[in-house]
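Scroll down for the structure; my scribbles are underneath it.
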Amino acid sequence: MLLTQKYLPKNTKEIIGQDYALSRLKSCVEENMHCLLYGINGVGKTSSVYALANEFGYEVVELNASNFRKKEDIDSVFGNAIKQKSLFKNKKIILIDEIDGMTGDDRGGIQSISDLISIRNFPVVLTGNDISGPKFKAIKKSCKMIEFKRLEQGSVFKILERICNEEKLTYNQDILRKIAYFNNGDARAAINDLQSLIGNKEVLDLEMHDREKKQDISNVLRIIFKTKDERILYNILNNVDMDFDDLFLWLDENIPYEYARDDCEKAYYYLALADIFRKRIRSKQHYRFLTYINMFLSSGIANSKNEKNKNIVNYKRNERILNIWISNRRNNQKIMLVNNFANNLHMSKKKMLKELNFMRFII
């Protein structure tokens with residue numbers, strides 16, 4: 001289990017370094033006011049909402065803004081959530097996470113959210129990293145702005161030290177301070193780095209892995225599928241001479257050959273999480289997310305298994321891209337015909353594709 005999940009704050013007392021922001025968030029929720037939490041990754045925006053809800057008995061209905069693109073989808077899902085009463089509790093918080101994940105093409109969606117938060121049945125809490133763009137102007141007017149500041153190095157150190165003590169790990173405080181320093185106020189990334197350094201109930205030094213040689217892809221896959229030793233898994237993906245896009249395909253192809261059914265489900269869950277962060281890197285250019293991708297693809301997939309497969313597996317390259325290319329070559333002539341007919345007959349290409357078989361008889 002990832003430490004970031006295991007040590008999610010259960011109440012507001014476990015949130016470190018955000019006292020002022022927490023007090024303002026609590027006031028907004030109690031007064032049924034909408035608010036927008038903003039700040040860098042890993043400073044406690046989303047976890048503060050859940051900690052507050054858990055402490056004071058609120059139900060949280062979470063929607064991830066980056067998963068919704070069309071106005072109709074937002075009106076349907078978000079509209080129902082904000083209008084319907086809670087099934088299990090008297091109080092409810094609507095959490096819209098990663099509002100900045102909506103791209104410039106989603107202006108209709110952002111406007112829809114802005115319209116819906118004018119309804120004040122329940123407090124709506126939005127979160128975002130970068131909400132400086134003009135597209136958020138209407139939402140800012142409807143919400144109370146609450147900044148979650150970058151965590152101080154000492155606060156991140158306290159979080160890491162608490163986890164080490166709870167896990168009964170042997171550790172050097174200087175190593176924890178180094179992790180806190182390198183992650184520059186991002187507690188989630190610091191916890192991920194900490195987990196990657198744990199081996200035999202001990203926190204290893206970062207410098208132990210600086211001179212690893214490049215690994216063959218088969219060896220890397222074998223390490224991920226056959227071990228749970230964090231000392232071995234740490235930095236393993238940085239030592240493979242392959243980009244993440246190809247690595248995704250290799251893992252996707254070979255997980256079913258190594259893992260049992262239930263373990264496969266867990267492994268693909270982490271593969272999907274990594275894919276989400278890969279998409280965010282492409283859309284938002286936040287390359288700091290590579291840390292999370294690395295963690296999900298190595299430790300996440302490695303720890304998904306209950307028992308390792310003792311059989312020797314010959315790992316296969318995923319042929320999906322090749323099959324797509326072959327299929328495109330086969331359909332190339334058909335596509336050319338569709339394009340020509342569609343232009344001459346003033347018909348959409350989609351409709352022309354359906355009518356193509358009849359056109360052959362007419363011609």
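Within region 6-40, how many residues are polar (S, T, N, Q) and outside any loop (DSSP other than H, G, I, E, B)?
The number of residues fulfilling the criteria is 3.
Among the residues of region 119-140, write down those that are in a helix (DSSP H, G or I) and within 23 Å of residue 80 (Cα to Cα).
The answer is 136, 138, 139, 140.
Filter the helices (runs of 4 or more DSSP H) completely within region 241-348 down to those with at least 1 residues that are closer than 27 Å to residue 4 by Cβ.
In region 241-348, the matching helices (runs of 4 or more DSSP H) lie at 244-258, 261-284, 290-295.
Sort through 298, 327 and tell me the only one that's among the small types (Gly, Ala, Ser) and either at pLDDT 75 or above or assigned by TED's automatic domain parsing to the domain that holds residue 237 (or both).
Answer to the selection: 298.
Kindly establish whether residue 80 is assigned to a loop (DSSP other than H, G, I, E, B) and either of a type in the set (Phe, Trp, Tyr) or modelled with pLDDT under 90 (or both).
When the stated conditions are applied, residue 80 does not pass them.
In region 4-40, how many residues are under 23 Å from residue 118 (Cα atoms), within 22 Å of the chain's Cα centre (by Cα) and not hydrophobic (A, V, I, L, M, F, W, C)?
1
Mind checking which residues of region 147-158 are in contact with a Leu (Cβ under 7 Å, 6 or more places away or on another chain) and either surrounded by fewer than 22 Cβ atoms within 10 Å (Cβ to Cβ) or at pLDDT 95 or above (or both)?
Passing the criteria: only 157.
Run down 223, 255 and say which single residue is hydrophobic (A, V, I, L, M, F, W, C) and farther than 25 Å from residue 194 by Cβ.
255
Per-residue answers, yes or no, for (1) surrounded by 15 or more Cβ atoms within 10 Å (Cβ to Cβ); (2) of a type in the set (Lys, Arg):
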position: 266; (1), (2): yes, yes
position: 270; (1), (2): yes, no
position: 283; (1), (2): no, no
position: 286; (1), (2): yes, no
position: 291; (1), (2): yes, no
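Just a yes or no: is a residue in region 20-29 modelled with pLDDT under 90 and either of a type in the set (A, V, I, L, M) or outside the structural domain of residue 272 (by TED's automatic domain parsing) (or both)?
Checked against the condition, which is being modelled with pLDDT under 90 and either of a type in the set (A, V, I, L, M) or outside the structural domain of residue 272 (by TED's automatic domain parsing) (or both), region 20-29 yields no hits at all.
Considering only residues that are among the basic types (Lys, Arg) and part of a helix (DSSP H, G or I), look in region 159-200 and name the one that is surrounded by the fewest Cβ atoms within 10 Å (Cβ to Cβ).
Ranking the candidates gives 162 first.
The values are calculated or read from the model by the stated rules, or taken from the named source; none is laboratory data. Because the structure is predicted, anything quoted here is derived from the model rather than measured. Every residue, glycine as well, gets a Cβ built from its backbone with ideal geometry; the counts of neighbours run over all protein chains shown.
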